[in-house]
Every structure is written in C-alpha cells, then in structure tokens.
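The block underneath contains the structure these notes are about, expressed in structure tokens.
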Amino acid sequence: MRRPIWDNGTSEVIVSPLSTPLPWDLVAEGYAEGVAPTFAGYAERALDLAGIGAGASVLDVACGPGTLSVRAAARGCEVDALDFSAEMVARLRAAPAAAGVRAVCGDGQALPFDDASFDAAFSMFGVIFFPDRAAGLRELRRVVRPGGAMVVSSWPALDGVPQMAAVFASVGEVFPGGSAPAPALATPDDLRHELAAAGWRDVVVHTHAEQFEAPDAATFWAGMERTLAPLALMRHTLGDQWPRVRDRIGRLVVDKLGDGPVVARMPAWIAVGRPA
C-alpha cells in the first residue's frame, strides 16, 4: 500500500509536515530568492502596524531568510532572529543586508530570551506551523515589554486564491494525500480567539495583499515547485520519481490556468496585540 506523502517511514506522529525543519531546509535557497522579495511587502506593513522605528529592540521568530529582520535592521532597530531551520538561518547570516542581525537556531515554542526583553516580537507566517501554537504565542507575549507590540501573520483559505488552489488541486490529482493542509489561524476570529487565550490584549487584525506574477502558467508552476515547502518535501520523499510526477502536475496546472500571464493576489491577515 502506498504510504501517505507525509509519512516519514517511522511510527512517529507528525502534527504537520511543516512543523519540522526538513522541508524548510530543503526550500531555503528557492525561498530566499523567489519568495522573500514578494514577502517584503508583508514585512514592511507589519513593522508599520507595530509602530517600529530606530532604536527599538525587535525579535523575529521563525525568521526564515530574514525578510522582516533585514527590514527592521534597515530602520535602525536592534534585531534578534530565530528559526529552527539551519539552512534558513545560514541564508540570513550570509545576507549583506543582515549585518548586525543576531540570528540563531532555536525553538519558537521555548525562546532563549529573558522576559520582557524586546519592544516588539514578530512571527511572519511562522507560528501558524508550530505543533503547539499556544506555546509559541505565549512565548511572544513573554518576551515583550509592557506597552510593546506582538505581531503574527497567517493566510486565509487557499480557495480564495484560484491560482494557488489550482496548483494544489493538481498535486492532489497526481498524488492523493499530497495536497496542501488546511491553514491554521485562517480567519480573523481564529486569530482573535487564540491570541486572547495566549494572553494577548487589544488584538486588531489587518488585511494586506501582495501579488505573485509569472509570464505564463508553466513559469508559475516552476516557481511554486521551487519555493513551496510542501512540494520540496514531496520532491525529497519521491526522489528519482519526482521528475515524472512534477511534469504531470505541471501539465495539469497549465491546463487549469490556461494561456497568458498568471497574477496571484495573496491576501494575508496581520494581527497586532499587546502584552496582557
């Protein structure tokens, strides 16, 4: 019997395939080059909403290649960054714009920082993948000073982005069980409820959208293959079988999206709160 794509070959139960470093290590290069430039807009909006300026002490949890970290540093902030992916941290440390950012590998559910040691703490599309989101949200609150700001971002359901829905529908047609998991914190009510339960107060959820663009569907699929962590994990799992599977998925994506340019408008939720 075919194993589910997320089966790691042991009896270990994984809450989410994206809750371990492996897929993020695998996708680090493509993510840094193909995703981070577009994600810059989300990071800038998050910094604006938190009211962050020169001299502020900032923590970036699940920092990836440093999309928010480098922009906070450019504003004159003192920045600490943490991620459980060694490859993502290596990308951040190697970035010329990251000079002065203190980047470490670590667990966002047990932060290695003192209580009330930052003016603001962020997790941009990071805490949503934690096995224990409540612990991650409590940790963000713990390390922020009274009057400071905590910010997390998340995605609405994929069916609101037809181009992304087409990609994962195509994946599921070729490899049942390989489609995208349901996103966490996918509604403003979800965010307000979980953040309040973790001790956040004055939570306000904002919407911000950026666009992913490609000249055609084949190019769009190639970019998704290179930058999406679930697909990187699938590629790793399938090994030599991946080129055949990739090509089949690509043909389905092109059939679904048709000819001409592809413009995927990606709305996100950005929630801002204060320590209770």
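Every number in this text was worked out from the coordinates using simple rules, so none of it is lab data. Only a predicted model underlies this, so the values are computations on that prediction, with no experimental measurement involved. Quick reminder, even Gly has a Cβ in these numbers, built from the backbone with ideal geometry, and neighbours come from all protein chains shown.
What the table shows:
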{"item": "Footprinting exposure proxy for Thr237, Thr67, Thr207 (fewest neighbouring C-beta atoms within 10 Å first)", "result": "Thr207, Thr237, Thr67"}
{"item": "Calculated P(r) of the chain - Cα pairs past 31 Å, %", "result": "26"}
{"item": "Calculated FRET value between Ala196 and Asp132, using beta carbons and R₀ = 22 Å, to 0.05", "result": "0.85"}
{"item": "Cβ-Cβ FRET estimate between Ala157 and Arg75, R0 fixed at 30 Å, reported to 0.05", "result": "0.40"}
{"item": "Neighbour cut-off at most 16 other Cβ (10 Å), DSSP loop, trypsin sites (Lys or Arg not before Pro), the range 93-179", "result": "none"}
{"item": "Sorted by Cβ neighbour density within 10 Å, fewest at the top, the residues Asp255, Asp60, Asp107", "result": "Asp255, Asp107, Asp60"}
{"item": "Percent of alpha-carbon pairs separated by more than 20 Å within the range 83-216", "result": "57"}
{"item": "For the chain: relative contact order, % (alpha-carbon pairs under 8 angstrom, 6 or more apart)", "result": "22"}
{"item": "Total formal charge among the other residues, if their Cβ is under 9 angstrom from that of Ser170, Lys/Arg +1 and Asp/Glu -1", "result": "+1"}
{"item": "Degrees between helix 21-34 axis and first principal axis of the chain (Cα, 0 to 90, nearest 10)", "result": "90"}
{"item": "In degrees, nearest ten, helix 188-197 long axis to first principal axis of the chain (Cα)", "result": "50"}
{"item": "Translational diffusion coefficient (Stokes-Einstein; Kirkwood radius from C-alpha pairs) of the range 39-106 at 37 °C, 0.692 mPa s, in µm²/s", "result": "285"}
{"item": "Nearest 10 degrees, 0 to 90: helix 242-257 Cα axis against the chain principal axis", "result": "90"}
